[in-house]
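Bear in mind that the values in this text are calculations on the coordinates, not laboratory data. Owing to the predicted nature of the structure, the values given are computational and were not obtained by experimental measurement. Cβ coordinates were reconstructed from backbone atoms using ideal geometry, including for glycine residues, and neighbour counts include every protein chain displayed.
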Amino acid sequence: KMTIQQYQVDAKRTCPDLGEKLNLCHMVLGIGSEFEEYVNAIDEINKSEECSDMCWYLANYCTFREISFYALFLESKYNEKSFVENVSLLQDFTKKYIVYGKEINSDKEYEVLKGLMYNIQHMYGDITILNSLENNIAKLRVRFPEKFDEKLALNRNLEAERIELEK
C-alpha cells in the first residue's frame, strides 16, 4: 500500500522541472484547472481522478516549497474559505512572488494550503483517498513509464489509464 509520503515522491517523478518560478505557476494553475474538470466530471471514478490530480499538483507545490505533503494532509483544517478562495489566495501569493519578487509568507501560505487540502479531502466524498492516490500514480506510470515526457503527455492511452483508475 502506498503512503502519503510515498505519494509525494512518486508525484515528483512525473513532474517536469520548468525552473523555480514556472514550477510554482504550473502547480497553482494546475490545481485550478483540475477543479474545473472535477466540476464537469461524469462519474465517481472521474471525480476521484480529478481530486487526485489536484493532490498531484498540491504535492508537487509542496515539494517545490519544501513542505511535507504528509504533514499538510494530517493538519488540513477548515478555514472558512471555499476551494476557489483558497486557490485564489495561493495564486496571489505566487503571482506576487513571480512578478514583484515579494517573498511568500510561509505561515499564511501554510494556512491556505491546509484549507485547500481540507477542501480537496471533502470533494472525495465517500471515496477512499489513499486508494485514489495510488490509482493516480498507477495512471501516471502508464502515461510516463520513466518520467515526464512532452510527447507522451500529448499522446495518451486513455483506455489503459482508465483501467488503472478503476482498480
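Things worth noting here:
- Per-peptide average of other Cβ atoms within 10 Å, ordering 114-120, 129-135 highest first: 114-120, 129-135
- The stretch 38-159 - charge dipole about Cα centre, Lys and Arg +1 at Cβ, Asp and Glu -1, debye rounded to 20: 320 debye
- Computed from Cα positions, the angle between helix 4-13 and the longest principal axis of the chain comes to roughly 80 degrees.
- Over all Cα atoms in the chain, the spread is summed up by Rg and Dmax: 15.2, 45 Å.
- Euclidean distance of C-alpha centroids, the stretch 82-140 and the stretch 1-43, integer Å: 9 Å
- Using the Cβ-Cβ distance between residue 131 and residue 102 with R0 = 45 Å, the FRET efficiency computed as 1/(1 + (r/R0)^6) comes to roughly 0.70.
- When peptides 144-154, 16-26, 60-70 are sorted by average Cβ neighbour count within 10 Å, with the highest value leading, the order is 60-70, 16-26, 144-154.
- Between the Cα long axis of helix 83-100 and the first principal axis of the chain there is an angle of about 60°, rounded to the nearest 10.
- Helix-derived mean residue ellipticity, 222 nm - over the chain, DSSP H n ≥ 4, -39500 (n - 2.57), to 500: -23500 deg cm²/dmol
- Helix 106-123 axis, angle to the chain major axis (alpha carbon atoms, nearest 10°): 30 degrees
- Positive-pole candidate from 87, 160, 70, dipole of the chain, charges at beta carbon: 70
- Debye-formula intensities of the stretch 1-88, expressed as log10 I(q)/I(0) at q = 0.12, 0.14, 0.19 Å⁻¹, are -0.37, -0.51, -0.95 (one equal scatterer per alpha-carbon, no solvent).
- For the stretch 99-138: Kirkwood Rh in Å [reciprocal of mean 1/r, alpha carbons]: 12.3 Å
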